[in-house]
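One structure is given below, encoded as structure tokens.
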Amino acid sequence: MPRDLDVRLLRHFVAVADELHFSRAAARLYVAQQTLSRDIRALEDRLGTRLLERNSRSVSLTAAGERLLRHARRLIDDHDELIRAMRVDSGGFVVDIVGEQTTPARVLTEARRQEDGFEYYARTGTGLREAVAQLRAGALDVAFGHWSATAGPSAGLRRRLVRHEPLALLLPLTDPLADSPVIEPAALAELTVCVRAGRHVTADWEIVAQQLLTGWGARSAVDHPYVRGADEVDHHVRAGEPPVLVPISQPATATSVVRPLVNPVPVLSWSMVWLDERDHPALDVLHAVIDRLQDTEHWDALPSPDQPPQ
């Protein structure tokens, strides 16, 4: 019998036990169903016993699963309470902004001007798939990212649409497409496009981007290394490199240009996610900033399909 168990695995087991359905549990946790199945198997291997009986039509708890469920709920509650207790007097409010110079980073920059008795701490590079577990554990207060339209509601979480951000191509100056002020997605058919460069890159983004490229008949540069830092993007987006799919907020570099995609305008729909029970002045400020930006810059409106973003 193991001496230590991963709380994340227990949390995933409880979700499946509650839903008795892997797809619904995966949506609730905001993880891929394949990941959830793998984690349940890992927990069963760790404990040396089968916890679930499952077939193509149903999922049920074994006797061992029933015993574990009673203890797992208590362990998760105690774990989360401990994390909250250790952070209660810190005065810090931790926000995952995905990356520097992204839309979430801009929201946080505006909110920091209104700090009053609290302080924002920025985290980058997580993405919602990992951030949701950290929200539940109390290690994170707010997360930004792309919330899948197929994920549906997730128990204990609240979500707010922040912005429908138009997408664009980051192109080396020598790329033939760089001469066009705007680019239609149809022009990318049969081309290889990179989706792994930029401050916005997470696992969630890659799923969205790959779906778009497939719809356009384009190929993803799957063997391209990840390029995230500003200096790294500046260095690697150059002659001979493929165009890069990015949000319109991605800055150009000395060797590249940003060209909006139109007809139609594809978007990355940013969301802000937090715990339903979370109540804090820092959260109120974030909402106020988003209200103002949505009102003045129409962030919550889908862009016209044939007009370049302003």
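The values are calculated or read from the model by the stated rules, or taken from the named source; none is laboratory data. Everything quoted here is computed from the prediction, not taken from an experiment. We place every Cβ from the backbone using ideal geometry, glycine too, and count neighbours over all the protein chains shown.
The table that follows gives values for the structure above.
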| item | result |
| --- | --- |
| Selected residue (only one of A85, A137, A151, A122 is modelled with pLDDT of 90 or more and aliphatic (A, V, I, L, M)) | A122 |
| Unique match (being modelled with pLDDT under 90 and farther than 16 Å from V132 by Cβ) among R54, R41, R28 | R54 |
| Some residue of region 195-204 being more than 21 Å from the chain's Cα centre (by Cα) and surrounded by 19 or more Cβ atoms within 10 Å (Cβ to Cβ) | no |
| Considering residues of region 169-221 that are polar (S, T, N, Q) and free of Cβ contacts under 8 Å to residues at least 12 places away in the same chain only, the residue nearest to V98 (Cα to Cα) | Q211 |
| Strands (runs of 3 or more DSSP E) wholly inside region 98-181 that include at least 2 residues being within 30 Å of Q33 (Cβ to Cβ) | 142-146, 157-172 |
| P166 vs. criteria buried (at least 19 other Cβ atoms within 10 Å of the Cβ), more than 15 Å from the chain's Cα centre (by Cα), touching a residue at least 12 places away in the same chain (Cβ under 8 Å) and over 26 Å from W299 (Cβ atoms) | no |
| Verdict on V246 being closer than 17 Å to E165 by Cα, in the same structural domain as V193 (by TED's automatic domain parsing) and out of contact with any Asp or Glu (no Cβ under 7 Å at 6 or more places or on another chain) | yes |
| Single condition D234 does not satisfy, out of (1) more than 30 Å from D141 (Cα to Cα); (2) surrounded by fewer than 15 Cβ atoms within 10 Å (Cβ to Cβ); (3) without any contact (Cβ under 8 Å) to a residue 24 or more places away in the chain; (4) not aliphatic (A, V, I, L, M) | (2) |
| Qualifying residues in region 264-299 (those that are modelled with pLDDT of 90 or more and of a type in the set (D, E)) - the one nearest to Y120 (Cα to Cα) | D284 |
| Test: residue in region 292-301 that is surrounded by fewer than 20 Cβ atoms within 10 Å (Cβ to Cβ), more than 21 Å from the chain's Cα centre (by Cα) and in a loop (DSSP other than H, G, I, E, B) | yes |
| Given (1) of a type outside the set (D, E, K, R); (2) modelled with pLDDT of 90 or more; (3) surrounded by 15 or more Cβ atoms within 10 Å (Cβ to Cβ); (4) not in a helix (DSSP H, G or I), index of the condition S60 fails | (3) |
